[in-house]
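These notes concern the structure reproduced below.
The values are calculated or read from the model by the stated rules, or taken from the named source; none is laboratory data. Here the structure is a predicted model, which is why all the values come from computation and not from measurement. Cβ coordinates were reconstructed from backbone atoms using ideal geometry, including for glycine residues, and neighbour counts include every protein chain displayed.
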């Protein structure tokens, strides 16, 4: 037969071990959450680039326009997009919400010639969502 005080001693030894483990786990989780926001990683969680596809319909060198057609993907606010030609940011592409099947003009002011790389950049995320080569002659 077990003495009554031995049973109580075994039961009491488990409680401090579980308490310490829980305190360490809570501390680690809190440190991870606080560290994420202090380092600024929490701000970037919502800034993902939209998924969409485009084609270049026309390059009008007389008026300084590149006409893009959105061929698929989710709707995008045109004000969030910037056109880049040969690495130079040229400005927004149209206004309003851009739906599939619609055309929008990106205007440029630089003097370009030849086959150059054209990109559509999603400004909130900083990602290029479209890239192709177009002829500026």
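Some notes on this structure:
- Top-ranked residue of the range 97-116 - restricted to ones that are without any contact (Cβ under 8 Å) to a residue 24 or more places away in the chain and in contact with a strand residue (DSSP E or B) (Cβ under 8 Å, 6 or more places away or on another chain), ranked as farthest from residue 130 (Cα to Cα): 114
- Within the range 1-117, strands (runs of 3 or more DSSP E) holding 1 or more residues that are modelled with pLDDT under 95, on the phi > 0 side of the Ramachandran plot and within 22 Å of the chain's Cα centre (by Cα): 65-73, 88-92
- Search result, residues across the range 95-118 that are surrounded by fewer than 17 Cβ atoms within 10 Å (Cβ to Cβ) and either touching a helix residue (DSSP H, G or I) at 6+ places or on another chain (Cβ under 8 Å) or more than 16 Å from residue 60 (Cα to Cα) (or both): 95, 96, 97, 99, 100, 101, 102
- Residue check for residue 85: touching a residue at least 60 places away in the same chain (Cβ under 8 Å) and surrounded by 14 or more Cβ atoms within 10 Å (Cβ to Cβ): no
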